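What follows is a set of notes on a single structure, which appears directly below.
What follows is calculated from the coordinates using simple rules that are stated; it is not laboratory data. What you see is a predicted model, and the numbers here were worked out from it, not measured in a lab. Cβ coordinates were reconstructed from backbone atoms using ideal geometry, including for glycine residues, and neighbour counts include every protein chain displayed.
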Amino acid sequence: MPKRIPFHVVYATSEDNSYPACELNAQGPAARGWRSEGPPPHELLLRLACVTSVHKLQLLAHHQLIPACVEVLVSGGLVSEGAATPCGATYTSVGRVTLAKPAPQARTRELRSAALPEPTVARFVKLRLSGPHPPAKENDQV
């Protein structure tokens, strides 16, 4: 039975002061979400509650600030892999999620899923977000 895996954002390459990465720690209708700042690519580093077998990853994107692609990388975070900390861990790419170009008047967010190869055991998940779909706005936010 699929279940939500608790996580905590431990690093973001950038963030808009009004939409910090810590907003992703509390999911729900009241959550404002995260926005990047500066030129892409952008990375988010998540620490899962424990070493977990991950089968699918779901991403919810803003209705206009949508990256063209999100690469998913994982690390088991085991000492035998070289590090038990997210910054020193070794990451392996396990897939990509391509997101649709936003419609000019879109008002709904986009939920995308990525099935991960079996078995994908992870303690840390790194999301590498590409830039927005062209033509991009000046600030390149995603």
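Annotation for segment 16-31 versus segment 32-66: alpha-carbon center distance of 11 Å. Computed from the Cβ-Cβ distance with R0 of 25 Å, the FRET efficiency linking K3 to C69 stands at 0.40. In a fully extended conformation the segment linking S14 and A31 would gain 4.3 nm over its present Cα-Cα distance, using 0.36 nm per residue. A dipole drawn for segment 1-77 from +1 and -1 charges on Cβ atoms has a positive end, and of P40, V54, A26 the residue lying farthest that way is V54. Computing FRET efficiency as 1/(1 + (r/R0)^6) for C22 and S93, where r is the C-beta to C-beta distance and R0 is 22 Å, gives about 0.30.
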